[in-house]
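Report on one structure; see the data block that follows.
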Amino acid sequence: MSTIEEEILNYIDGNCSLAEKTIIETKIARDKEYNLLYQSLLVVSQQLIELEFEEPSMSFTRNVMDKVNLELKPVAMQTKINHKIIYGIGALFICAILFILGYAIAISNLNKNFSMPKLNFSFAIHKYINPTSLKIFLFLDLVLALIYLDALLRKGTFKKT
Amino acid sequence: MHQNETDLALINAVLVGQTSQYEVLVKRHQPFVFTLAMRFAKNREDAEEIAQDCFVKAYRALGTFKQKAKFSTWLYSITYTSAMTFLRKKKLTTQSINDDENVLQIANSGTNFDANLIEKKSAYVYLNHAITLLLPDDAAIITLFYKGEQSLEEIAQALNMEAKTVKVKLFRARLRLKDKLKYLLKDEVNELI
């Protein structure tokens, strides 16, 4: 990679900092070879800007419009979303929840004493650790490792392409 | 900026049913879209097919155009993908620099032009020919940068790449272009560039 050419092209494109610009301008003024390279790259850049466009055939626009007229008229995506329908669906769900809640309150006997259900938190872990559960655990680990490896390899392949 | 606004006005007109306004958009952007297509297809017939396909696809998807970016950037991204699809279908092989058919023939420009103009025209012919010898991606990036009035960020958006990648690709494309020019011009290189 030629750093001098890259430097000059960045200067011509206006993609360098003020400090770099000053350094390059000094080099252009003092270094004859550098100046020659700058001039040649500047000329090519200018010619690339001035290149004329290729013109398609006279019937190009007509052909495009003929094809376009066979298509369905495009519609802005925003107009396709009817907010009334969205709000309607939302209202329906809220009504259903309120109805179920009201019905549940209506049929429940609120006079009875309410007591918290007793929960059994004692957990005999030794019952669950057996050869079968260990094999299942290791198998799941293996599957997860393979998925991770696959994702890692795919990422590498995409970066290369 | 003004043209960008007008593009948006035309798009909105098309979206509310004035489909004939799309013709104005086509006429406005067809030279560049066709030039870009030429960078991939290398012959006029195929380039017209790509460019037509691009405008039809753009029309179909006009409703999804988020009017935040330039219409041209969006259109060029469609051109790029259309051209790539076309290349994949056709399996075009890029021309080798040593092919006999690549020997450049400068057309006789007539006697009405002054010497400077002829010389300048010759330089443009050489430059155009050198671009056609580049790989499609290189030619497209150079065309988008110099003729499409697109910034590195906009080119990155159109080609679905990082801006830094575009910068590196642009630099390498210009080096390859310089090599092609040197090959074509040989001793005349210093006179023409």
From the list A:ILE12, A:ILE86, exactly one residue is surrounded by 10 or more Cβ atoms within 10 Å (Cβ to Cβ), β-branched (Val, Ile, Thr) and either farther than 30 Å from B:TYR126 by Cα or away from chain B (no Cβ under 14 Å) (or both). Which is it?
A:ILE86
For segment B:33-81, what are the residues that are among the charged types (D, E, K, R) and assigned to a helix (DSSP H, G or I)?
B:ARG39, B:ARG44, B:GLU45, B:ASP46, B:GLU48, B:GLU49, B:ASP53, B:LYS57, B:ARG60
Any chance segment A:41-48 includes a residue that's under 30 Å from B:ALA139 (Cβ atoms), more than 9 Å from chain B (Cβ to nearest Cβ) and surrounded by 10 or more Cβ atoms within 10 Å (Cβ to Cβ)?
yes
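For segment A:85-105, state whether one or more residues are outside any helix (DSSP H, G or I) and at pLDDT below 90.
No.
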Selected residue (only one of B:PHE86, B:PHE65 is within 15 Å of B:ALA158 (Cα to Cα) and modelled with pLDDT of 85 or more)
B:PHE65
Qualifying positions in segment B:12-32 - surrounded by fewer than 20 Cβ atoms within 10 Å (Cβ to Cβ), part of a helix (DSSP H, G or I) and either more than 7 Å from chain A (Cβ to nearest Cβ) or modelled with pLDDT under 90 (or both)
B:ASN12, B:ALA13, B:THR19, B:SER20, B:GLN21, B:VAL24, B:ARG28
Those residues of segment B:33-71 that are surrounded by fewer than 16 Cβ atoms within 10 Å (Cβ to Cβ), of a type outside the set (S, T, N, Q) and at the interface with another protein chain (Cβ under 7 Å from one of its Cβ atoms) come to a total of 1
For a quick check of your reading of the model, give me the residue pairs whose first member lies in segment A:49-66 and is at the interface with chain B (Cβ under 7 Å from one of its Cβ atoms), whose second is acidic (Asp, Glu) and crowded, with 18+ Cβ neighbours inside 10 Å, with beta-carbon atoms closer than 7 Å and at least 6 apart or on different chains.
A:PRO56/B:GLU48; A:SER57/B:GLU48; A:PHE60/B:GLU48
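The values are calculated or read from the model by the stated rules, or taken from the named source; none is laboratory data. Since this is a predicted model, take the numbers as computed values, not measurements. Reconstructed Cβ throughout: ideal geometry from the backbone, glycine too, with neighbour counts over all protein chains shown.
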